[in-house]
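Only one structure is covered here, and it is reproduced in the block below.
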């Protein structure tokens, strides 16, 4: 039996806020234990909605048990690294005493990638589960082609795109004080363009209106960046690089929309939507990389760097 959307959308909205709050936490997690806790909580969200997905995919007692066991198993496995890192940190506190320093995060880039993968996985399983719950999921073809078709259909649906846009917008709001203003505007417009996805709804009014809105948002974004450059404002290299990558993603999305209009295939649009959210989240998890690099002080060596010829 299909579940009313009036029940499902508040759940999706709550999940969007929780994930955005976890992404904000991830943007400040720079120790191994803190990073592990963030990833565990994100994986817990994935496990919870995977259980729901399995239940709706296999209705009845079998699906309920399969969902519960799968969710419990994923949570049990994912909590193990957190437990061992906690034990190690406690031992270090005891042995080092007042000189204790929590072990630093090894690779911020790898951490950002894992956070992004977890965010995508949670959003995908929730979107597919709610497609099934609301009765919107279409027939599934057999084989790898059928699986890829399900993934593309779920990613291009309103159950994925609208909550993802909300997560991006809330994340921008939560991190606005840690991100340069040009990036705040860029990320905010990017979240709006994710929401204005023509494939989300099938009504002609939405397809036409969202297409116009998406084009206007892209023009506004690039016009904003060009106006900053024209006024002589110095944009940090990471900001310029981000906008350049975003141009490539938007070109792919435009091609995906053309392919969708011509053939009905949403595959390219779905890939570009994933690329857009991946670019967004891998960037906001490391906001310190967006700061402009400071030139070395004139007339003296850079602090902490040995002069040339001295080891």
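Observations, loosely collected:
- Take every Cα pair under 8 Å whose residues are at least 6 apart in sequence, average their separation, divide by the length of the chain, and the relative contact order is 21 percent.
- For the chain, calculated [θ]222 nm from helices alone, where every DSSP H run of n ≥ 4 adds -39500 (n - 2.57): -26000 deg cm²/dmol
- Of the residues 60, 97, 122, the one that moves most in a GNM of the chain with alpha-carbon contacts below 10 Å is 97.
- Modelled FRET efficiency - R0 45 Å, residue 240 with residue 65, Cβ distances, 0.05 increments: 0.30
- The Cα center of segment 159-201 and the Cα center of segment 42-61 differ in position by 26 Å.
- Most mobile of 162, 83, 130 in a GNM of the chain (Cα contacts under 10 Å): 83
- A Förster radius of 51 Å, combined with the Cβ-Cβ distance separating residue 9 from residue 230, puts the computed FRET efficiency at roughly 0.75.
- Kirkwood hydrodynamic radius over Cα pairs of segment 46-172, then Stokes diffusion coefficient at 20 °C and 1.002 mPa s, in µm²/s: 124
- If R0 is 51 Å, the Cβ-Cβ spacing of residue 263 and residue 288 corresponds to a FRET efficiency of close to 0.75.
- Euclidean distance of C-alpha centroids, segment 223-279 and segment 73-149, integer Å: 27
None of the figures in this text is laboratory data; all of them are computed from the coordinates on show. Bear in mind that the values here come from a model prediction, so they are computed numbers and not experimental data. So basically every Cβ, Gly included, is an ideal-geometry build from the backbone, and we count neighbours across all protein chains shown.
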